[in-house]
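The values are calculated or read from the model by the stated rules, or taken from the named source; none is laboratory data. Since we're looking at a predicted model, the values are computed, not measured. Every residue, glycine among them, receives a Cβ derived from its backbone with ideal geometry; neighbour counts consider all protein chains shown. What goes into the accessible areas is simple: the full protein's heavy atoms, side chains included, and nothing from ligands, DNA or RNA. Shrake-Rupley method; radii C 1.70, N 1.55, O 1.52, S 1.80 Å.
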Amino acid sequence: MNNSNIDYDISDEQSIIEYASKLVGHSLREVTDVEALADHKKRRGAFGNAVEELYFKYPINSDLNPDFAEVGLELKTTPMKENKKGDLVAKERLVITMIDYNKVVNETFEDSHFLGKSSNILLMAYKYEKGANPIDYKVILANKWNIPIEDYAQIKQDWETVVAKIQSGHAEDISGSDTLYLEACTKAANSSVRTTQPYSNVPAKPRAWAFKASYMTTIEKQMLGNGASQIKRNESEQKLSLIDLLYKRFKPYFGKTEDQLAAEFNISKSKDKCARITKHILGIAEDQKIEEFEKAGIKPKTMRLKSNGVPKESVSFKVFDYFKVAEEPFEESDLYHDLLCKYLFVIYRENSAGDFVLSNILLWQMPDSDLLFAEQCYLQMQKNIKAGRADISVKASENKCCHVRPHARNKLDTKPQPYGKPEVKKCFWLNSSYLAEEISEGLSLKDQVDLLGYLN
């Protein structure tokens with residue numbers, strides 16, 4: 001790098017950070033003499049490359065060392081966007097580095113290439129505007145970031161979960177649902193690209209280490225001064241993974257009824273009584289979001305199981321828009337995004353007296369294989385609407401996972417639809433029998449993992 005034409009000291013980390021912060025509130029057009037970025041629609045990372053070349057004035061390279069090698073600082077630019085509520089959220093995951101299947105199996109987390117690339121980051125976030133040239137994106141955040149101590153154990157567990165699959169010869173089975181904060185995302189020119197893995201002849205998709213979009217949203221909101229509340233940890237709990245921490249918090253209350261817990265926490269009877277109990281167990285104010293859940297994209301869900309293990313109610317999603325279901329492909333639908341979420345099932349079981357007793361917790365996400373059944377349900381409802389028969393729902397008996405039925409106050413509570421008169425409000429539901437099987441299997445696997453941990 002030619003040091004004579006730059007306005008910061010490449011050997012001084014604070015000088016670099018202060019120079020980066022001068023871009024906050026401005027676009028590259030405002031601080032450079034470049035009028036537009038050519039071919040930005042064809043090149044991913046056009047904005048990040050432009051920041052490097054035009055603002056920091058160093059050439060793009062494929063060097064494995066940190067971008068500011070003299071101080072070990074890695075530059076990462078990442079887009080944020082406004083969601084439907086007008087809140088700023090991460091537009092996408094933050095990719096850190098490619099995974100070399102043949103090398104990563106010989107690493108430990110502590111000496112991993114990933115940790116080296118993510119331990120000292122200059123994070124610059126910008127506001128993405130659809131259709132705009134990247135040179136007009138406004139930078140909204142520029143500051144140093146590294147993995148928070150309270151996230152270290154979970155990120156290490158995520159890393160080890162992925163590496164264990166590679167070591168077992170199953171890199172082709174890696175899924176985003178395997179992990180909470182860190183993921184191994186696909187990273188190739190197109191979906192047909194495959195690469196070799198060390199312990200199997202089965203080719204696997206190339207992947208990169210990346211922090212999930214939900215994790216980045218929470219981190220960026222924190223850095224912008226708009227954070228959620230953390231579950232407090234004492235010194236001995238710093239190395240606990242999130243699920244272990246949650247289990248430790250809930251376990252002392254197992255065996256207590258809803259009413260006993262409500263009385264203990266001085267909670268009045270209400271429709272969301274159990275959701276409020278969950279907040280109190282975790283030490284979170286009722287009006288606050290839970291930081292760890294925001295990072296992992298976890299939605300807490302109270303599950304009341306009857307004495308036979310079947311949920312008392314099916315789980316419903318929000319009322320759908322007939323026009324959107326008719327037009328949107330499954331991968332762009334609200335249902336698809338809801339099913340990609342992880343859920344913390346807070347389980348209450350019915351006892352012999354008919355009371356529901358807090359008995360366990362389970363972290364659950366619909367398996368990828370079952371998403372195919374959910375898609376069939378969605379496409380059938382889409383077909384019905386397009387045929388002018390929005391009145392015909394998809395029955396639970398017709399699909400393994402999902403069904404459609406009304407979710408309205410009465411038959412007069414309707415929504416417009418594209419091919420007929422307004423139809424009663426409906427939504428997608430998860431079948432209670434399906435949930436019973438998933439919960440039973442999930443708790444069985446959890447018991448096996450707990451036993452292994454005890455024996456070891």
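Some values worked out for this structure:
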read-out: Boolean, residue 339 is open to solvent by less than 20 Å² (accessible area, probe 1.4 Å), touching a Leu at 6+ places or on another chain (Cβ under 8 Å), assigned to a helix (DSSP H, G or I) and within 19 Å of residue 293 (Cβ to Cβ); value: yes
read-out: Selection count, segment 237-252, where residues are among the hydroxyl-bearing types (Ser, Thr, Tyr) and touching a helix residue (DSSP H, G or I) at 6+ places or on another chain (Cβ under 6 Å); value: 1
read-out: Filter result for the condition that a residue is basic (Lys, Arg) and part of a loop (DSSP other than H, G, I, E, B), over 301, 269; value: 269
read-out: Yes/no for residue 168 being of a type outside the set (D, E, K, R), open to solvent by 10 Å² or more (accessible area, probe 1.4 Å), more than 20 Å from residue 217 (Cα to Cα) and within 16 Å of the chain's Cα centre (by Cα); value: no
read-out: Subset of segment 366-420 (residues that are aliphatic (A, V, I, L, M) and touching an Asp or Glu at 6+ places or on another chain (Cβ under 9 Å)); value: 366, 385, 390
read-out: Index of the failed condition, residue 116 passing every other in (1) of a type in the set (Gly, Ala, Ser); (2) crowded, with 20+ Cβ neighbours inside 10 Å; (3) not in a strand (DSSP E or B); value: (2)
read-out: Pairs where the first residue, in segment 79-108, is among the aromatic types (Phe, Trp, Tyr) and the second is open to solvent by less than 20 Å² (accessible area, probe 1.4 Å) and assigned to a strand (DSSP E or B), C-beta under 8 Å, 6+ apart; value: 101/197; 101/204
read-out: Hits in segment 386-419 - residues which are in a helix (DSSP H, G or I) and either of a type in the set (D, E, K, R) or more than 23 Å from residue 340 (Cβ to Cβ) (or both); value: 386, 397, 398
read-out: Qualifying residue in segment 344-363 (condition: part of a helix (DSSP H, G or I), in contact (Cβ under 8 Å) with a residue 12 or more places away in the chain and acidic (Asp, Glu)); value: no
read-out: Residues satisfying the stated conditions in segment 87-111, i.e. out of contact with any helix residue (DSSP H, G or I) (no Cβ under 7 Å at 6 or more places or on another chain) and open to solvent by less than 40 Å² (accessible area, probe 1.4 Å); value: 99
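One line per residue, one yes/no per condition, for (1) exposed (fewer than 15 other Cβ atoms within 10 Å of the Cβ); (2) more than 23 Å from residue 178 (Cβ to Cβ); (3) of a type in the set (D, E, K, R):
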residue: 209; (1), (2), (3): no, no, no
residue: 222; (1), (2), (3): no, yes, no
residue: 228; (1), (2), (3): no, yes, no
residue: 238; (1), (2), (3): yes, yes, no
residue: 242; (1), (2), (3): no, no, no
residue: 245; (1), (2), (3): no, no, no
residue: 251; (1), (2), (3): yes, yes, yes
